[in-house]
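This report refers to the structure that appears directly beneath it.
Please treat every number below as a calculation from the coordinates, not as lab data. In this text the structure is predicted, and so the values were computed from the model without any measurement. Cβ coordinates were reconstructed from backbone atoms using ideal geometry, including for glycine residues, and neighbour counts include every protein chain displayed.
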Amino acid sequence: MPRIFQFLLCLFLTLCAASLTFAGNEADLASHPIYSKYQFGRDGKVANLGSQPISVPSGVIGEIMLHDKILKKSLATRGWEFRNHGFLKGQDANFFFQRGDINLIVSGDWPTITLAASQDILVVGLVKQSFSSLLAKDAHQIGQLKGKRIGVALGSTAHYGLLIALTDAGLKETDVTLVPTENMEMIEAMNQGRIDAFSCWEPATTNALRIHPELKVVQRFMNSSYFSVSKEFARNNPEVTEQLVAAYVRALRWMRQSDTNLMQAVDWMLAAGELLLGKPTGLSPQDIAKTTTNDLLKIAHSPAVPRNDLAENGSVRRAFAFLQGQGKIPSDTSWEKIAASFDRTLIDKILANPKKYQLLQFDYEK
């Protein structure tokens with residue numbers, strides 16, 4: 001579907017409803033007012049990525065890949081095309097991944113680990129190491145929020161961090177009232193008196209503190225986001241998968257090359273966010289660029305997931321154990337299944353062959 005028609009559709013839906021929050025169960029996502037309009041082209045040779053254009057910094061990846069002329073040419077010679085679909089959060093994208101509509105995904109730690117528990121995926125590399133934050137007006141400590149209403153996107157990195165904070169404070173999830181709220185709607189929900197606090201990730205955190213400096217950061221939680229691909233897709237289409245992963249690596253290197261490139265990526269992301277929401281995001285391009293630099297471009301020279309993250313006390317293993325202990329992952333899911341999803345073989349192969357995969361050549365549509 002041409003982007004202008006997608007934009008008009010989203011704008012119309014926004015005018016018809018005060019909010020894009022979709023509070024139904026997972027099955028309802030098939031009839032979501034935005035997602036139900038997506039054309040996945042499952043009958044053709046289409047590589048579909050699910051990304052989050054209002055999540056910083058991971059949201060830039062899909063948009064850069066979408067404008068990558070090298071990727072388009074390499075796929076076209078094989079009879080393939082690439083499509084990028086925007087989602088409000090990782091668990092939404094998971095639903096369509098599980099249905100087979102998308103075969104690549106950018107999502108946070110909770111969505112990635114839960115997807116690995118139920119599907120065969122290959123976690124290729126990092127797209128973010130950052131913080132989600134718990135914000136409130138009238139609380140300095142998590143214990144002061146007992147019995148309060150907390151806005152959170154369920155199943156997200158912000159939800160994961162909130163659960164850890166509650167546990168550390170000796171509280172249960174049932175000691176507060178979780179109000180399902182999309183990440184970019186937290187301020188509106190608080191202004192309307194629907195929530196007393198909220199847990200969110202960037203760019204909502206920076207945006208909220210800029211608009212409402214009276215808000216207090218009660219607690220921050222470290223989290224990561226990843227670029228993953230279906231193992232079945234990778235097994236059946238190895239050359240196509242290699243080109244897609246190469247485009248992901250190339251996107252990181254292109255942004256590191258210059259501030260001009262970084263700001264172009266930010267502009268693409270803002271346009272995609274407006275397309276998804278049906279209205280301007282209200283985000284600062286400078287804030288997005290700064291967060292992208294700090295939380296993605298500076299975290300490591302290689303985008304491969306560090307081996308230490310999978311160690312006994314590594315971040316991925318600790319997240320898995322915590323989520324399973326909270327009943328968010330089936331008790332019969334083995335750690336070995338999750339660990340097998342984090343395989344560096346593919347990305348190490350691509351990083352070792354920069355000339356073959358054109359990692360230092362850049363050609364993007366403006």
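Below is a table of values for the structure above.
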read-out	value
Efficiency of FRET between ASP267 and ARG42 - r from beta-carbon atoms, R0 30 angstrom, step 0.05	0.45
Residue order, fewest to most beta carbons within 10 Å, for PHE221, PHE82	PHE221, PHE82
Cross-link partners of LYS72 among aspartates and glutamates (Cα-Cα below 17 Å; sequence separation of 8 or more within a chain)	GLU63, GLU81, GLU239, GLU242, ASP363, GLU365
Sum of side-chain charges, LEU122 neighbourhood, beta-carbon under 11 Å (Lys, Arg +1; Asp, Glu -1)	0
Cβ-placed point charges (K, R +1; D, E -1), dipole of the stretch 131-223 about Cα centre in debye, nearest 20	160 debye
Ratio of Rg to Rh over the chain (Cα coordinates, Kirkwood Rh, two decimals)	0.94
Normalised contact order of the stretch 72-182, rounded percent, pairs of Cα under 8 Å and 6 or more residues apart	26 percent
GNM result for the chain, Cα springs below 10 Å: residue of ASP332, ASP175, ASP309 fluctuating most strongly	ASP332
Ascending count of other beta-carbon atoms within 10 Å, so fewest first, for VAL46, VAL240, VAL266, VAL56	VAL46, VAL240, VAL266, VAL56
Nearest-ten-degree value, helix 259-277 long axis tilted from longest Cα axis of the chain	60 degrees
Residue pairs, from the table LYS73/LYS290; LYS37/LYS148; LYS45/LYS298; LYS89/LYS298; LYS37/LYS337, whose Cα atoms sit over 26 Å apart	LYS73/LYS290; LYS37/LYS148; LYS45/LYS298; LYS37/LYS337
Exposure proxy ranking, count of Cβ atoms within 10 Å, fewest first, for HIS212, HIS159, HIS32, HIS140	HIS140, HIS212, HIS32, HIS159
Gain on full stretching of the segment that runs from ALA169 to LYS298 - 0.36 nm per residue minus C-alpha separation	43.2 nm
Among beta bridges that DSSP assigns inside the stretch 131-223, antiparallel share in %, nearest 5	65 percent
Contact order relative to length of the stretch 131-223, as percent, for alpha carbon pairs under 8 angstrom and 6 or more apart	52 percent
Shape call, the stretch 131-223: gyration tensor on alpha carbons, a/c limit 1.5	rounded
Inter-site label distance for ARG220 and ASN236 at 7 Å from Cα along Cβ, in nm	4.3 nm
FRET efficiency for ASP28 and GLN361, using Cβ-Cβ distance with R0 set to 35 Å, rounded to 0.05	0.20
Cβ-Cβ FRET estimate between ARG78 and ASP343, R0 fixed at 22 Å, reported to 0.05	0.40
Gained length - ALA311 relative to ALA352, 0.36 nm times residue gap less alpha-carbon distance	12.3 nm
